[in-house]
1. Using the structure shown, decide if residue 131 is modelled with pLDDT under 95 and loosely packed, with under 15 Cβ neighbours inside 10 Å.
2. Name the single residue that is surrounded by the most Cβ atoms within 10 Å (Cβ to Cβ) among those in region 1-58 being more than 30 Å from residue 97 (Cα to Cα) and of a type in the set (A, V, I, L, M).
3. What's the total number of residues in region 14-26 that are modelled with pLDDT of 95 or more and farther than 21 Å from residue 83 by Cβ?
4. Could you go through region 64-78 and let me know if any residue there is buried (at least 21 other Cβ atoms within 10 Å of the Cβ), among the small types (Gly, Ala, Ser) and under 25 Å from residue 144 (Cα atoms).
5. Looking at region 8-19, can you tell me whether even one residue there is in a strand (DSSP E or B) and in contact with a Ser or Thr (Cβ under 7 Å, 6 or more places away or on another chain)?
Amino acid sequence: MDLILLRHGKAEDTNPGGDRARELVAKGRQQAHRAAKLLKHAEILPEIVLTSPLVRARQTADEFCQTAGIPNPVIQGWLACGMHPESAMKELAGFSDFKRVAIVGHEPDFSNFIEWILGVSGGAVMVKKGAIACLRVNPPTRHGTLKYLIPPKLSDEWGD
């Protein structure tokens, strides 16, 4: 499967409800919107979007799906902060009927996941807010290849 990783967009620094309740700011919504437009234009939209239950990730996934014109995201607890690569691959095996799956989540989880798949370490990968990465994987096996990593600035031209 092609696994698209979309890091949540820019969120507020604090929220009275705590870290889990932090919401996207306007720039974060714009990042999700632009990511969707870019993938739609390239004709590489996911068939399904899975998201962390944290507010900022859910809002990113919602904006992405709405802009892309695809079904609403599916909340997955294993995508919350602290996602472990091995567990993620086991969970993703349940979605192996899909050719292209997107997950919306957090750092350092996504960078760690990509490094684990590629067999590198030591901060070799950094996924910025609003960035898009794609791995070719075969869950639940560990190995895969990096197809692309698009920093948020490169998707700026796809804004309104």
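The values are calculated or read from the model by the stated rules, or taken from the named source; none is laboratory data. Just so we're clear, the structure is a prediction, and the values are computed from it rather than from any experiment. Because the Cβ atoms are built from the backbone with ideal geometry, glycine has one as well, and the counts that use them run over all protein chains shown.
1. Considered against the rule, which asks whether it is modelled with pLDDT under 95 and loosely packed, with under 15 Cβ neighbours inside 10 Å, residue 131 comes out as no.
2. The extreme case among them is 24.
3. Here the count works out to 2.
4. Within region 64-78, none of the residues are buried (at least 21 other Cβ atoms within 10 Å of the Cβ), among the small types (Gly, Ala, Ser) and under 25 Å from residue 144 (Cα atoms).
5. The answer is no; no qualifying residue exists.
Residues are listed down the side, and each one gets a yes or a no for (1) in contact (Cβ under 8 Å) with a residue 24 or more places away in the chain; (2) polar (S, T, N, Q); (3) on the phi > 0 side of the Ramachandran plot:
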residue	(1), (2), (3)
72	no, yes, no
120	no, no, no
124	no, no, no
141	yes, yes, no
